[in-house]
Each structure stands twice: as C-alpha cells, then as structure tokens.
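Notes to accompany the following structure.
Readers should treat all values here as calculations from the given coordinates under stated rules, not as data from a laboratory. Nothing here was measured: the structure is a model prediction, and the numbers come from that model. For neighbour counting, all protein chains shown are included, and Cβ atoms are generated from backbone atoms with ideal geometry for every residue, glycine included.
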C-alpha cells in the first residue's frame with residue numbers, strides 16, 4: 001500500500017480548514033507552544049481520519065467496479 005499524495009493533500013487541507021475555523025478564532029489570543037502542539041496533534045489525527053475514510057470509500061468503488069457501472073445505492077426507494 002502506498003500513500004496517495006493528492007488524497008493526503010486534500011485530507012490535510014480539509015482538516016486544516018475545519019480545525020482552523022473551529023478553534024483558531026477562540027484560541028488565537030491564548031496561543032502558546034503547548035496549545036500549538038495540541039492543535040497540531042488534532043490536525044494530524046483529523047488528516048489521518050479523513051485520509052483513511054477517503055481511501056476506504058474510493059478503493060471500494062475501484063475494487064468493485066461501481067465507478068464504471070454507475071450503480072449506487074439510494075436511501076430512498078425509486079418509485
């Protein structure tokens with residue numbers, strides 16, 4: 001298994017936007033090295049979580065061939 005750089009970049013940017021918009025406005029005035037370390041650790045955890053979810057989802061579609069057949073399940077019945 002290899003790490004996809006594009007997927008990793010997308011995950012890092014998404015995690016950074018979510019973390020930055022949620023925490024930095026409130027924590028900006030109290031930002032010290034300890035808090036910056038905690039925020040960096042949370043950013044790494046969010047990035048790895050988003051990367052793992054994207055990898056599982058898109059690899060599943062690639063392995064099963066659903067991206068070619070365009071067969072997706074719906075939550076509602078099509079009547």
Item to complete: Run the quick spin-label model on residue 10 and residue 48: label points 7 Å from Cα toward the beta carbon, then report their separation in nm to one decimal.
Response: 2.1 nm
Worksheet item: Sorted from fewest to most neighbouring beta carbons within 10 Å, what does the list 11, 21, 48 look like?
Response: 21, 48, 11
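Taking the Cβ of each residue in 50, 56 as the centre, tally the other Cβ atoms inside 10 Å and list the residues starting with the fewest.
Numbers: 50 19, 56 10.
Final ranking by Cβ density, sparse to dense: 56, 50.
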Fill in: Contact order relative to length of the stretch 5-69, as percent, for alpha carbon pairs under 8 angstrom and 6 or more apart
52 percent
